[in-house]
1. Please identify the helices of the chain, taking whole runs of DSSP H, that span at least 15 Å along their own axis as judged from the Cα atoms and have a mean Kyte-Doolittle score of -0.5 or higher.
2. What shape does the stretch 1-67 take by its C-alpha gyration tensor, where a ≥ b ≥ c are the square roots of the eigenvalues and a/c under 1.5 counts as rounded, a/b above b/c as prolate, and the rest as oblate?
3. Given a 1.4 Å probe, how much area per residue of the chain is accessible, in Å²?
4. Report the Cα centroid-to-centroid distance between the stretch 112-143 and the stretch 11-82 in angstrom, as an integer.
5. Taking the Cα centre as origin and putting +1 on Lys and Arg beta-carbons and -1 on Asp and Glu beta-carbons, what dipole magnitude results for the stretch 79-153, to the nearest 20 debye?
6. For the chain, which whole-number percentage of the solvent-accessible area (1.4 Å probe, protein heavy atoms only) is attributable to carbon and sulfur atoms?
7. How much length would be gained if the chain were fully extended between Asn62 and Thr127, taking 0.36 nm per residue of separation minus their Cα-Cα distance, in nm to one decimal?
8. Please state the charge dipole magnitude for the stretch 121-206, taken about the Cα centre, from unit charges on C-beta atoms (+1 on K and R, -1 on D and E), reported in debye and rounded to the nearest 20.
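The values are calculated or read from the model by the stated rules, or taken from the named source; none is laboratory data. As the structure is a prediction and not an experimental result, all values here were calculated from the model. Cβ placement follows ideal geometry from the backbone for every residue including glycine, while neighbour counts extend to all protein chains displayed. The accessibility values were calculated without ligands, DNA or RNA, using every heavy atom of the protein model including side chains. Shrake-Rupley method; radii C 1.70, N 1.55, O 1.52, S 1.80 Å.
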Amino acid sequence: MPKEYKLEPLPYAFNALEPYIDARTMEIHHDKHYLGYINKLNKAIAQDPKLGEVSLEDLLRNLDKVSEKLRRAVRDNGGGTYNHAMFWKLMKPDGGGEPHGKVAEAIKKHFDTFENFQDLFNAAAKTRFGSGWAWLSVAPDGSLKITSTANQDCPLSEDLTPIFGLDVWEHAYYLKYQNRRPDYIFAFWHVVNWDEVEKNYDDALK
Ligand code: MN
């Protein structure tokens, strides 16, 4: 039996992030879009079960080792699976505020102030043309980098370890915000789970 990735439930109710992110968007995003990536990743693994023998993280770090025939499918759907699994946990009801712990110190060290970090991250999220993500990642030298990626491309494939990210595909916000991506980005800061970002940062340094 090849390995199968499964749809894990959200760690909160679909309506838990209202009014910032509406229940209907969360439900379609999780139960339709996210499930679609998982199903297509499983289809790729069924065609080459060796893909299931390594972690998803390793697959995305080493896309060049995936056969040319399946590389696009793994890049898009492995990325979609990994990115969303991280994204759901980066949010929580009654989230927001400012980071704490070591990641807060690192943000201040690299970006001077939290507000400056927010401005740079917002710019990356707003200017990503079309579908994609904005990210905060840890580089191999331990420094923090703000980037954006197209489609479901994952920073892991660029030798970066993502610790925080925002989905700026229209499917993440269109029902409530239509074409107003900046309003969605502004709302997102109210639901950020900084405990999770701190945990991701600590893990990335291990
Ligand atoms: Mn998405």
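1. Details: long enough: 35-47 (18 Å, 0.02); 79-89 (16 Å, -0.71); 101-111 (16 Å, -0.34); 114-127 (20 Å, -0.32); 194-205 (17 Å, -1.44).
Those that clear 15 Å and a mean of -0.5 are 35-47, 101-111, 114-127.
2. Details: a/c = 3.06, a/b = 2.50, b/c = 1.23.
Verdict is prolate for the stretch 1-67.
3. Numbers: 10140 Å² over 206 residues.
So the chain comes to 49 Å² accessible per residue, rounded to a whole number.
4. If we compute the Cα centre of each part, the gap is 22 Å.
5. Numbers: 8 positive and 8 negative charges, 34 e Å.
Dipole size: approximately 160 debye.
6. Working: 5130 of 10140 Å².
Here it works out to 51 percent.
7. On the way: separation 65, 0.36 × 65 = 23.40 nm, distance 2.75 nm.
The Asn62-Thr127 span can extend by a further 20.6 nm.
8. So the dipole magnitude of the stretch 121-206 works out to roughly 420 debye.
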